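The values are calculated or read from the model by the stated rules, or taken from the named source; none is laboratory data. Predicted, not measured: the structure shown is a model, and the values here were computed from it. Quick reminder, even Gly has a Cβ in these numbers, built from the backbone with ideal geometry, and neighbours come from all protein chains shown. Side chains included, ligands, DNA and RNA excluded: accessible areas come from the protein's heavy atoms. Shrake-Rupley method; radii C 1.70, N 1.55, O 1.52, S 1.80 Å.
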Amino acid sequence: LALSFGLILFTDLRLIGWFMPRVPLSHILGQLRRYVFTGFALTFITGVLLFWAEADTMIENPAFLWKVAAMVVALINALVFEIVLARRGQAWIDQPVAPVAARTAGWISLSFWSAATVGGRLIPYFA
């Protein structure tokens with residue numbers, strides 16, 4: 001979890017211009033993308049196994065449903081960023097300030113991954 005979401009945090013903070021603004025975004029994405037995807041895959045697999053163990057109670061847990069909804073929005077945002085913004089990013093990817101659309105994607109990602117994390121931490125309190 002820390003591997004995946006920690007690296008997503010670094011990427012999002014760079015997108016919004018709060019972290020390492022002098023380092024080109026292409027360097028950060030190039031170095032971290034493989035680890036972000038690997039970390040997310042491991043987190044997803046272990047999450048599915050944990051869900052499988054208690055699916056009957058999780059499916060009714062409002063915190064779990066909040067977490068899943070936040071993850072879906074965050075994943076859609078990541079796909080839009082990768083498919084649309086990153087491909088058009090050759091003009092801006094090495095600039096110190098990303099365009100508004102990329103910064104917005106960073107804020108959406110930061111917000112919804114944070115919401116997913118909080119939702120996950122709240123699951124035992126709603127069980």
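Taking all protein chains together and a probe of 1.4 Å, list I123, I108 from the most accessible to the least accessible. If you can, show how the numbers build up before the last one.
Values: I123 25, I108 60 Å².
Greatest to least solvent exposure: I108, I123.
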Under a point spin-label approximation (7 Å from Cα along Cα-to-Cβ), what is the F37-A69 distance to one decimal in nm? 3.1
Please give the contour-minus-distance gain from Y125 to A2: 0.36 nm per residue of separation, less the Cα-Cα distance, rounded to one decimal in nm. 42.1 nm
Anyone know which of A63, A55, A78 comes out most mobile in the 10 Å Cα GNM of the chain? A55
Where only C-alpha atoms are counted, convex hull volume of the stretch 8-69 per residue in Å³: 83
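Select from the chain the helices, each a whole stretch of DSSP H, whose alpha-carbon atoms run 24 Å or more along the helix axis and whose Kyte-Doolittle mean is at least 0.5; answer none if there are none. Display every interim value, and only then the final one.
Details: long enough: 25-53 (40 Å, 1.14); 62-80 (27 Å, 1.92); 100-122 (33 Å, 0.72).
Passing helices, by number: 25-53, 62-80, 100-122.
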So what is the calculated 222 nm ellipticity per residue for the chain, using -39500 (n - 2.57) for each DSSP H run with n of 4 or more, over all residues, to the nearest 500 deg cm²/dmol? -23500 deg cm²/dmol
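Near R22, within a Cβ-to-Cβ distance under 12 Å, what is the net charge of the other residues, with Lys and Arg +1 and Asp and Glu -1? Present the calculation step by step, with values, prior to reporting the outcome.
Values: positive: R14; negative: D94.
Local net charge: 0.
Tell me the net charge near D12. Cut-off is 14 Å between Cβ atoms, D12 excluded, with +1 for each Lys or Arg and -1 for each Asp or Glu.
Working: positive: R14, R33, R103; negative: E82.
Here the count lands on +2.
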Once you treat every alpha carbon in the chain as an equal point and sum by Debye, what is log10 I(q)/I(0) at q = 0.11, 0.19 Å⁻¹? -0.41, -1.02
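Let me know the longest stretch in the chain that avoids all trypsin sites (Lys or Arg not before Pro) found in a DSSP loop with at most 10 other C-beta atoms within 10 Å.
Values: sites that count: R22, R87.
Of all site-free stretches, the longest is 23-86.
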Below 8 Å, C-alpha to C-alpha, sequence gap of six or more: please give me the relative contact order for the chain in percent. 41
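Using 0.36 nm per residue, how much length does the chain from T57 to D94 gain when fully extended, once their Cα-Cα distance is taken away?
Working: separation 37, 0.36 × 37 = 13.32 nm, distance 4.69 nm.
Difference between extended and current length: 8.6 nm.
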